[in-house]
Amino acid sequence: MPEPTWRNAIIALLLMSLLVPLIIGSGFFFPYVVPRNIFFRVVVELGIAALVFAVCFSQKTIDLRGEPIFWALLAFVAACFLSAIFSPAPMHSLFGDFERMGGAWAWLHLLLFFVLLRTLRDEDWPLLLNVVVAVGLYVSVSAIVEHWRYVITGGIVAPSSATLGNAGLAAAYLLLAIGAGLYLTVTSTRWRLLYAGATLVYLPALVYAENRSSLIGLLLAAILGGIIYSSLAAKSRFRLVVPSIAVLCCVALGAGVTAARQFPDSAFARHVPLVVQRLTLTNPRENGDNRAMQWRAAVHGFQDRPFFGYGPENHYLVWSAHFDPDIYSLDTDIYDRTHNQYLEVLATGGLVGIAAFISIWIAIGVTLTRAYRGGRLSAASLAVLVGIQIAYAFYLALWFFDLNSTMLWIMIAALIASRATVGSIVLEPTTPEPAIPRAKPALAMAVLTFVVGALVWEGWVPLRADRALARLDSASGSIASSLEPFEVLAQSRAHETAHTPIIMAQYVVSLRPRLADFERDPQQRALVDSVVTQSLATFDKEIRRDPLNDRLYTHEAGVLMFAADFYRSQSYRKQAIDVLHKAIDLSPHRIEQWLALANVYLEDKDYERAIVVLNDAVKSDPMLGEPRYELASAYQGAGKSDSALVMLQSSLRHGYVGSPELYLAMGKRLEFSGRNGSAAKLYSDYLEAKYTEAVWDRTEAIDRPIPSADLAVAAHLPLLYVRSRESDLAIKSAAALSAFDPARGPIVDRFVSDLGARRRKNWVARASLLPCNTVRASRLQDSAAVDACVVFRRKL
């Protein structure tokens with residue numbers, strides 16, 4: 001066993017930190033993020049404590065004067081803290097949230113991680129790099145097994161995420177692990193073939209992750225690294241091999257993408273790797289790309305606050321302020337990352353942040369040059385280290401920092417720094433040790449106090465809050481069982497609180513169907529009262545910390561509306577209206593707050609105000625169908641049927657299909673007024689918008705559950721066309737019943753045959769193609785058909 005010295009303790013802690021990608025906790029909110037970050041921070045804090053004690057109780061000194069990468073990282077950490085101070089949400093910028101665990105606090109630990117790595121001697125580095133290779137092999141094998149499990153089971157082949165929970169983040173980790181493996185390959189003589197074989201295992205895992213940016217980055221790295229090697233190793237027989245292979249791979253990839261794009265239905269296009277298929281579908285000139293929307297928002301955010309930005313981790317504020325409603329047709333409307341690290345730093349750190357960030361890359365380049373000129377790097381190792389920096393830099397143009405890959409990037413940066421100087425940053429004394437000054441033990445005690453405080457307040461406290469949040473997020477028992485996590489979260493001093501009030505609000509709103517039960521049970525009512533009170537208090541505290549977050553106001557309005565019904569208080573209802581107006585002011589193009597405000601008025605049957613709000617919502621996003629549907633509901637309640645019909649049809653044209661009840665109510669009203677053709681058109685548009693044109697094709701069955709209301713419409717629609725004397729449309733629309741229920745094929749055939757023989761009178765008086773009048777409803781074999789007969793039982 002090695003001697004238990006401070007250096008061995010730091011090496012052991014560093015080896016533990018490299019196991020971060022394998023840590024998956026159960027019972028955590030964001031289990032792939034929180035336990036890993038807390039574990040990494042605890043390890044780093046313990047390592048720094050060991051280093052400080054070693055220096056304070058000896059004559060050892062730390063020399064960082066020749067460390068440009070350290071000073072660049074320190075400048076970036078300082079810029080993060082400075083941006084956080086001037087941020088509209090400073091605490092979020094300092095500590096992030098449970099989904100990312102980032103912020104200035106995370107970068108401080110990465111800086112300290114770099115310092116610990118620089119205490120290593122040259123003979124220590126192979127051990128750490130071997131652990132990286134071993135962990136990378138485990139992640140790669142997991143990704144490969146995951147891919148082939150999808151293939152064997154015959155399901156949808158999803159991107160492999162291995163142990164990282166996200167395929168894009170797994171690709172970044174594998175990309176940097178490839179760099180570590182290649183470095184060992186070119187620097188080791190005895191185990192070169194073994195390292196090369198391990199690196200080859202990473203490649204299929206990277207392909208199965210289906211991440212385009214990492215794959216292209218790797219090819220660029222191979223080309224540029226090969227060029228560097230061929231330029232510097234002029235006498236080597238292999239100097240043209242690497243760039244030639246890289247160029248051939250790029251040509252093959254380009255040819256494959258071109259062929260798959262030109263012949264999308266060919267067998268070749270169907271059998272190429274899925275990452276190539278994704279590249280085939282990539283169109284950089286496409287305006288509707290969700291990443292492009294985030295990039296434009298980031299540029300506008302930089303224009304808002306050019307010097308210090310919005311603060312780290314605050315892209316969600318940039319996105320709210322410059323929300324693009326086109327996102328609703330593509331993806332989720334919630335984004336906390338720009339998916340371009342450079343633009344994100346520009347928007348959240350301003351000019352100060354981007355200058356410090358660029359200085360890191362410059363410092364890495366300067367250190368690499370110094371290491372090569374000093375003879376500490378060969379041409380091959382220089383090519384590998386430069387190449388991996390290029391690959392990761394390209395990856396960050398489409399993605400963002402994550403602990404799993406960023407810690408490897410920092411580790412490779414420390415490896416580069418170790419090649420530029422001889423030995424570690426810890427200098428041993430060259431003279432007999434005199435008495436230790438009193439200031440050093442005092443400094444050690446101060447550091448120990450700080451570390452203990454960090455372990456408690458930034459380790460245990462957020463860990464406990466995160467587990468309470470996970471229990472509340474999956475709460476399924478009684479309210480009494482959910483009260484404990486509520487109290488933990490309400491009293492917690494954890495800083496990662498962005499999700500806390502939102503999860504509380506979701507739980508409170510889920511209690512709405514049980515309001516009547518609470519009225520009869522005083523004990524339950526007292527528990528609900530406590531839940532509501534703590535939720536509102538948490539929202540109040542979080543909004544003071546994050547006053548520009550429109551989503552906080554929207555979710556708070558849900559709790560206030562629950563409180564208005566629970567306490568039967570108009571005061572809470574007025575507060576809900578006020579906070580929704582605040583949310584609209586902060587992000588006028590996000591539709592959720594408009595709809596929530598309209599629903600407040602609709603619940604009060606204040607249709608005129610609801611109409612005003614929804615008209616404004618339609619103007620804020622003319623291409624969205626949902627506000628048009630809600631506006632139709634408001635018009636219906638106000639008795640403006642014609643306007644309601646126009647809005648319903650407009651919502652369907654914009655691709656939104658709401659609850660069938662409104663379409664049925666409107667259709668019945670049209671039928672009562674003798675407008676059978678208009679009713680038929682509404683029903684037809686409804687079915688086609690919901691099930692596509694396949695609903696009119698009898699050869700295709702709709703492979704999903706069919707609600708009884710839709711079955712009723714499909715059985716009723718052909719008869720409306722019969723009354724309107726539109727036989728062709730009646731025959732066409734009858735196919736919907738066969739598509740919904742192939743067992744109804746005989747009755748559809750008889751209907752089509754009768755219309756072809758001009759025997760319309762057999763069907764004019766009926767309300768449904770289903771045998772509702774001749775066969776008792778109880779004898780129908782399926783409940784959906786029974787309910788469908790009830791919908792149009794009356795003669796209209």
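The values are calculated or read from the model by the stated rules, or taken from the named source; none is laboratory data. Everything numeric in this text was worked out from a predicted model, so none of it was measured. Ideal geometry is used to build each Cβ from the backbone, glycine not excepted, and the neighbour counts take in all protein chains shown. What goes into the accessible areas is simple: the full protein's heavy atoms, side chains included, and nothing from ligands, DNA or RNA. Shrake-Rupley method; radii C 1.70, N 1.55, O 1.52, S 1.80 Å.
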query: Restricting attention to the stretch 719-742, does a residue exist that is of a type outside the set (D, E, K, R), within 43 Å of the chain's Cα centre (by Cα) and over 26 Å from Met666 (Cβ atoms)?
result: yes
message: For the stretch 167-202: of the residues being hydroxyl-bearing (Ser, Thr, Tyr) and modelled with pLDDT under 90, which is surrounded by the most Cβ atoms within 10 Å (Cβ to Cβ)?
response: Ser188
message: Of everything in the stretch 299-350, what is within 25 Å of Leu403 (Cα to Cα) and among the hydroxyl-bearing types (Ser, Thr, Tyr)? Give them in sequence order.
response: Tyr310, Tyr316, Thr332, Tyr335, Thr338, Tyr342, Thr348
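With the structure loaded, tell me whether Ala292 is over 19 Å from the mean Cα position of the chain (by Cα) and surrounded by fewer than 20 Cβ atoms within 10 Å (Cβ to Cβ) or whether it fails that test. Walk me through how you get there before you give the answer.
Values: over 19 Å from the mean Cα position of the chain (by Cα): no; surrounded by fewer than 20 Cβ atoms within 10 Å (Cβ to Cβ): yes.
Criteria not met by Ala292.
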statement: The number of residues in the stretch 554-569 that are open to solvent by less than 20 Å² (accessible area, probe 1.4 Å) and closer than 23 Å to His322 by Cα is 1
message: Condition first: under 26 Å from the mean Cα position of the chain (by Cα) and among the aliphatic types (A, V, I, L, M). Can you find one or more residues in the stretch 65-78 that meet it?
response: yes
task: Tally the residues that are open to solvent by 40 Å² or more (accessible area, probe 1.4 Å), closer than 17 Å to Asp621 by Cβ and not in a helix (DSSP H, G or I), restricting the search to the stretch 570-606.
output: 2
task: Output the number of the condition that Ala475 fails; it satisfies all remaining conditions of (1) part of a helix (DSSP H, G or I); (2) open to solvent by 30 Å² or more (accessible area, probe 1.4 Å); (3) without any contact (Cβ under 8 Å) to a residue 40 or more places away in the chain.
output: (1)
- line: Residues of the stretch 76-91 being under 12 Å from Trp107 (Cα atoms), touching a residue at least 40 places away in the same chain (Cβ under 8 Å) and buried (at least 18 other Cβ atoms within 10 Å of the Cβ), in sequence order, are Phe76, Ala79, Cys80
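For (1) touching a Cys at 6+ places or on another chain (Cβ under 7 Å); (2) of a type in the set (A, V, I, L, M), each residue gets a yes or a no:
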position	(1), (2)
Pro707	no, no
Val722	no, yes
Leu729	no, yes
Ala736	no, yes
Asp741	no, no
Arg744	no, no
Ser768	yes, no
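Looking at Asp517, Asp540, Asp521, which is the one that is at pLDDT 90 or above, open to solvent by 10 Å² or more (accessible area, probe 1.4 Å) and more than 22 Å from the chain's Cα centre (by Cα)? Even if it seems obvious, please write down each step before you answer.
Values: Asp517 fails: at pLDDT 90 or above; Asp521 fails: at pLDDT 90 or above.
Exactly one of Asp517, Asp540, Asp521 is at pLDDT 90 or above, open to solvent by 10 Å² or more (accessible area, probe 1.4 Å) and more than 22 Å from the chain's Cα centre (by Cα), namely Asp540.
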- request: Test Ser161 against the stated conditions and say whether it is part of a helix (DSSP H, G or I) and touching a residue at least 12 places away in the same chain (Cβ under 8 Å).
  value: no
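Test of understanding: among Thr338, Thr332, which residue is outside any helix (DSSP H, G or I) and open to solvent by less than 30 Å² (accessible area, probe 1.4 Å)? Working first, answer last.
Working: Thr332 fails: open to solvent by less than 30 Å² (accessible area, probe 1.4 Å).
Selected residue: Thr338, the only one of Thr338, Thr332 that is outside any helix (DSSP H, G or I) and open to solvent by less than 30 Å² (accessible area, probe 1.4 Å).
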query: Looking at the stretch 525-537, which of its residues are open to solvent by 40 Å² or more (accessible area, probe 1.4 Å) and either hydroxyl-bearing (Ser, Thr, Tyr) or more than 29 Å from Asp336 (Cα to Cα) (or both)?
result: Arg525, Ala526, Asp529, Thr533
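Within the stretch 609-623, restricting attention to residues that are open to solvent by 100 Å² or more (accessible area, probe 1.4 Å) and part of a helix (DSSP H, G or I), which residue is farthest from His581 (Cα to Cα)? Full working, then the answer.
So in the stretch 609-623, the residues open to solvent by 100 Å² or more (accessible area, probe 1.4 Å) come out as 609, 619, 623.
Cutting the leftovers down to part of a helix (DSSP H, G or I) gives us 609, 619.
Values: Arg609: 13, Lys619: 16 Å.
The selected residue is Lys619.
Of all the helices (runs of 4 or more DSSP H) wholly in the stretch 500-569, which have at least 3 residues that are acidic (Asp, Glu) and farther than 17 Å from His581 by Cβ? It would help to see each step written out before you state the result.
Working: elements: 500-510, 515-520, 522-545, 550-567.
Hits in the stretch 500-569: 522-545.
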- prompt: Within the stretch 420-429, can one find any residue that is open to solvent by less than 30 Å² (accessible area, probe 1.4 Å), modelled with pLDDT under 95, part of a helix (DSSP H, G or I) and not charged (D, E, K, R)?
  reply: yes
task: Search the stretch 1-41 for residues being among the charged types (D, E, K, R) and farther than 25 Å from Pro462 by Cβ, and hand back the single one that is surrounded by the most Cβ atoms within 10 Å (Cβ to Cβ).
output: Arg7
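Taking Leu94 as the residue in question, decide whether it is open to solvent by 30 Å² or more (accessible area, probe 1.4 Å), in contact (Cβ under 8 Å) with a residue 24 or more places away in the chain and within 23 Å of the chain's Cα centre (by Cα). Reasoning before the result, please.
Values: open to solvent by 30 Å² or more (accessible area, probe 1.4 Å): yes; in contact (Cβ under 8 Å) with a residue 24 or more places away in the chain: yes; within 23 Å of the chain's Cα centre (by Cα): yes.
Yes.
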message: Residue under question is Ile216, and the condition is that it be aliphatic (A, V, I, L, M), in a helix (DSSP H, G or I), in contact with a helix residue (DSSP H, G or I) (Cβ under 9 Å, 6 or more places away or on another chain) and farther than 15 Å from Pro273 by Cβ; does it hold?
response: no
task: Read through the list (1) surrounded by 13 or more Cβ atoms within 10 Å (Cβ to Cβ); (2) free of Cβ contacts under 8 Å to residues at least 12 places away in the same chain, then give the number of the only condition that Trp125 fails.
output: (2)
message: Show the residue pairs meeting these rules: Cβ distance below 6 Å; 6+ apart or different chains; first residue within the stretch 1-13 and within 17 Å of Val131 (Cβ to Cβ); second residue at pLDDT 90 or above and not in a helix (DSSP H, G or I).
response: Ile10/Thr119
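Here is a check on your reading of the model: is Leu22 modelled with pLDDT of 90 or more and farther than 23 Å from Ala143 by Cα?
no
For the stretch 204-215, indicate whether the set of residues that are open to solvent by 20 Å² or more (accessible area, probe 1.4 Å), farther than 30 Å from Ser26 by Cα and touching a Leu at 6+ places or on another chain (Cβ under 8 Å) is non-empty. Please lay out each step first, then the result.
Kept after step one, since they are open to solvent by 20 Å² or more (accessible area, probe 1.4 Å), are these residues of the stretch 204-215: 204, 207-208, 212, 215.
Narrowing further to those that are farther than 30 Å from Ser26 by Cα: 212, 215.
When the remaining residues are screened for being touching a Leu at 6+ places or on another chain (Cβ under 8 Å), the result is 212, 215.
Within the stretch 204-215, one or more residues are open to solvent by 20 Å² or more (accessible area, probe 1.4 Å), farther than 30 Å from Ser26 by Cα and touching a Leu at 6+ places or on another chain (Cβ under 8 Å).
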